[in-house]
Every structure is written in C-alpha cells, then in structure tokens.
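Novice: Dumping the structure here so I can ask a few things about it.
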Amino acid sequence: GCRGAQGRFAYKLLHDLFANYSSALRPVEDTDRALNVTLQVTLSQIIDMRNQVLTSYLWVRQAWLDAHLAWDEDAYDGIDSIRIPSSYVWRPDIILYNNADDRFSGSMETNVVLRSDGHIMWDSPAITKSSCKVDVSYFPFDRQRCRLTFGSWTYNGNQIDLRNQLDTGDLTDFVENVEWEVLGMPATRNVITYGCCSEPYPDVTYTLLLRRRASFYIFNLLLPCIMVSFLAPLGFYLPADSGEKVSLGVTVLLALTVFQLLVAESMPPSESVPLIGKYYIATMTMITASTALTIFIMNVHHCGPGARPVPPWARRLILHHMARLCCVYEVGQSCKSPRRAPGRRAGREDTAGLGESPMEGEVGAEAVGCPRDHCLCHHDGLLRNVGYIAGCFRRHRASQRRTGEWKKVAKVMDRFFMWIFFLMVFLMSVLVLGNAA
C-alpha cells in the first residue's frame, strides 16, 4: 500500500511540475544572472585513432539548477528525487567543439535525475570523434596530446557559466587499449572571445595524454630492419668469385623497401619524417653505398693480366698497414706473425725471372766443355725457341703476381669496408634507440 501511495504521489508530482513548464527557456528566476553548469567527463575506452581523428567512448555528466522544478518533499510523501526523460527538461547545449564526426551525433537520450531542490544531473554516454593533431616525429615511440573541448554553442558566459567539476578526467573505469597507454587527462577552464561575437564563451578542455605501445612495432618493423641491415656488411665478406655479392645487396635493399612501405601504411600523413623512417632511409642509403663499393671492389678483384702493377703507396698502405689492421693474411700466416716487406719477395722473384732460367744455365754449363760439332745447344734456332719459352714463362709469372696483388688489395678493402659498415649499422641503431628514450 505504501508503494502504491508513493507511486500516485510521483505521478501527481510529475503532473504538477510540468503543468506550466517549458523546456525551451533557460530555467533561471533572474535572467540577468548566469546559470552555473558543471561538467565531468569519464573516459571509458579509446576505440580508434586514425587519420588524426580520435574515436573515444565517454560518459558525460552535466549538472545544473532548474529553479522551476523544485518541490516540497513533505507534500509528496517524502519523494526527494525522480528520474524522467531528458527531453522533458531544459538542457544546456554543451557540444564537442573539435568534433570530427560527419554525422554530428550527440549524446544518448538518457534519463535525468531531478532532486527536490531543483538540481538536475544528466549522465549520458557518447561515442565522440575529435580531431587530434598527431606528431609522428618519434614513431613508434611517440606521445600524443589530444584535446576534447566542450562548451555551449549558443549561450555565452553571461548566460551559462560552464565549469569543470574535477581538475582531471575520470579514468577509474577506463578499459586498457592495446595500442595506446593513457598517462593522464587534465582539465582546464578557458574563457575565449571569438571574432564573431563580443561576449566571452567559457569552455572546458580535457587534454588526453597518450603514449604509443611500441612493442608491436618493435617486433614487426624495427627488429627485422635491424637484422636485415646487419646482412648488408656481410656482402663484403662473401668471396668475390661466388658471384652473389651484388645480388645480396640488391636483395637487402628490396627487403628494406617493402618494410618502408609497411611503415608508411601504419602512419598517418604528416609533414615530419618519423624516427623509424629516418632509420630506414639511412639504412637504405648505406646499403646503396655498400653495393656501389662492392661493384668497385669486384672490378679491382677481376683485373686481368694486362693490369698495371699495384702503386707503391697502395702496396704500403693497403697490403701492409690495412692488411694487418683487418687481419687479412695468406695461407700459413696469422695476423700476429711477423710479415716480410711487401716488395722484398717480389724483388727476388723479379731478379730470378730476369736472369737465366735453370735450363739455360744447364745448357750453358754443358756447352763449356762439349764439342761444337756434337752439341745441339749451338744451333741458333733452338736457342731462340728456348729464349721465347723462357720469356713467356717470365711474363706469365709477372702477370700472375700482379693479378694476385690486385686480388689481395680487393680482399683487404672488402674486410675494411665490412667493419666500417658494421660500425655504422651499430651506431645508427644505438642512435635510434637513444632518441626514442
């Protein structure tokens, strides 16, 4: 019986309150005074952030005093509050200023809580799309600041005094996002005078501080790039006769190009080049330079028999100092064993090559004591043929020696540039991680 009586009083209360009520006018007794409206936003979920548009799920709470909707609790069986559709009462036209939704969908039509003293509290969920300027300079280790600015569209500061209930947005019911980590949501009240109007317009701005979770991009974009980058210097370690030195560089360059396209698809369009993009461009430039150097070294390695001898400065710098620095040694030697001067062995061979051959010495020794009529070595034709064969042998040995020296020069240059490019890849990786930190 008590419940039925209270229900009849609630029906009577609703009828009495809205008998002569209009939801079109601002509910104040003195029209010259501003109506205080408090706003509180609760962030429930970040749905998506793409193309500089933040899609979020919010709970918006608005509270104000309606001077025309107060009643005496004793006259209505102690009823202190009722819940009625929000369309029955006057509502402030608080909207999201930086709205990026093409349909301009507002809050859901939920009920309002009306108390006996005239205070109204309206909680409504809303899925908002707000514009957010995204800075991808440090992608994927970037942080973003997205602003949600709420204010009245038609009422100025002399009619509605909009204030934030708390200094920060409510994050107690926030559902964690797999891509973004929320660092905070401070709230500030601003009073701005726009160019269209002379009256001030207050607004409440919530700044959403976001940090990207970089683990996905590290394992799918950054680490493959680093591993592929370390393959490029190994092209200098391949033997020149394998025929795969240039192919390895071109393959690595194509792989990095594919990863660069994946990075471009993952980022929003922006004028600033991201950190990972700079790393890819620097790595691709380094691989292009290594491929060009490999072609040059291959040309040095395949110098034919008609090549000039190694210059003295190159013999001293490359075959002596750089060979010891890069531990390039011949078979049977090590990088710690003493090395002979580069020109000493060649000098003895040249001297041996320019002198008489063993056959010529034997022929000459036999010719000293042999009779002229019975020895074949006195025939001029045979001597000319033996001299021609000995000259061809000397020229062949000299060309082999020059070819071997140029091959060793190419091998030393390969090892030297391999360590140089390894150091460059390591420094670039450390630089990227340092800037990210």
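The values are calculated or read from the model by the stated rules, or taken from the named source; none is laboratory data. Every value quoted in this text rests on a predicted model; they were computed, and no experiment measured them. Reconstructed Cβ throughout: ideal geometry from the backbone, glycine too, with neighbour counts over all protein chains shown. Each accessible area value is taken on the protein alone, full model and side chains, heavy atoms only, with ligands, DNA and RNA left out. Shrake-Rupley method; radii C 1.70, N 1.55, O 1.52, S 1.80 Å.
Novice: Rounded to the nearest whole Å², what accessible area per residue is found for the range 7-212 with the 1.4 Å probe?
Specialist: Normalised by residue count, the accessible surface of the range 7-212 is 53 Å².
Novice: Quantify, in whole percent, the carbon and sulfur part of the accessible surface of the range 7-212 (1.4 Å probe; protein heavy atoms only).
Specialist: Values: 5310 of 10980 Å².
C and S atoms contribute 48 percent here.
Novice: Determine, for each peptide in 35-41, 79-85, the mean count of other beta carbons within 10 angstrom over its residues, then list the peptides with the highest first. It would help to have the intermediate numbers written out before the result.
Specialist: Values: 35-41: 19.9, 79-85: 13.6.
Highest to lowest by the protection proxy: 35-41, 79-85.
Novice: For the range 212-261 and the range 54-103, what is the separation of their Cα centres, given in Å?
Specialist: 59
Novice: Take every Cα-Cα distance within the range 7-212, group them into 5 Å bins from 0 onward, and report for each bin the whole-number percent of pairs it holds.
Specialist: Going out from 0 Å in 5 Å bins, the range 7-212 shows 1, 7, 14, 17, 16, 14, 11, 8, 5, 3, 2, 1, 0, 0 percent.
Novice: Loop only per DSSP, at most 12 neighbouring Cβ atoms within 10 Å: give me the GluC sites (Glu not before Pro) in the range 29-118, ordered by residue number. Walk me through the numbers on the way to the answer.
Specialist: Numbers: sites: E29, E73, E109; in loops: E29, E109.
For GluC sites (Glu not before Pro) across the range 29-118 that sit outside H, G, I, E and B with at most 12 neighbouring Cβ atoms in 10 Å, the list reads E29, E109.
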